[in-house]
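Below: the structure, in structure tokens.
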Amino acid sequence: MKKKKTAHPYIPYLLEDIAAAHRDAGEAKLHEPKTIEEELEESERFVFDEREHTLGYYCGLKTEDFPPAEQLSNSDLKKVCKAFEEMLFSWNHTIDIPKKLPPSFAYKLMVDCLNKKTFIPDSGICGFDFCTGYAPECELKEYCPCLKIWNEKEN
């Protein structure tokens, strides 16, 4: 019989840290474009890929703050991933993770986002996406949403 993992004692503190990493709604409102020129300027920054800092720089979290996935139960992994997604949304970001991805894999991808340079939009949404559309080299491996299409093309 498989032994069930108990909740990691660090999880409540980690969830508090993630909650504290949310973008302050008041600060976000201060930066919303007010004129068409400001909106165009933000669009240009996005188009020209002006990414100066990592997500971790903006939200204050570091990959070292997160225990290795192997130390966490699936339940803990799911809680952390949900909290992380909510925090991302406060920074006008989303993350595209296939639903069939094992929780430990999803957790690792999310935590790695902290080291990725990103653009923080004042309006609109940016997203972290792991599928390039080229399934043979996709970091999602067998969970790549394009894999089925690639396999059909090969046959």
Seminar exercise, completed: Cβ pairs under 7 Å, 6+ apart or interchain, first in segment 132-146 and under 10 Å from PRO98 (Cβ atoms) and acidic (Asp, Glu), second in a helix (DSSP H, G or I) and modelled with pLDDT under 85, ordered by first then second residue, are none
Exercise. What residue, of PRO145, PRO121, is part of a loop (DSSP other than H, G, I, E, B), at pLDDT below 85, more than 17 Å from the chain's Cα centre (by Cα) and surrounded by 13 or more Cβ atoms within 10 Å (Cβ to Cβ)?
Worked result: PRO145
Problem set entry | Considering residues of segment 93-118 that are hydroxyl-bearing (Ser, Thr, Tyr) and assigned to a strand (DSSP E or B) only, the residue modelled with the lowest pLDDT | THR118
For this session: Please tell me if THR118 is in contact with a Cys (Cβ under 7 Å, 6 or more places away or on another chain), within 25 Å of THR54 (Cβ to Cβ) and not aliphatic (A, V, I, L, M).
Result: yes
For this session: Would you be able to tell me the number of residues in segment 30-73 that are exposed (fewer than 14 other Cβ atoms within 10 Å of the Cβ), modelled with pLDDT of 75 or more and in a helix (DSSP H, G or I)?
Result: 4
Problem set entry | Matching option when the condition is hydrophobic (A, V, I, L, M, F, W, C) and touching a Leu at 6+ places or on another chain (Cβ under 7 Å), among CYS131, CYS144, CYS138 | CYS131
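The values are calculated or read from the model by the stated rules, or taken from the named source; none is laboratory data. Small disclaimer: the values here were computed from a predicted structure and weren't measured. A quick note on method: Cβ atoms are made from the backbone with ideal geometry, for glycine too, and the neighbour counts reach across all protein chains shown.
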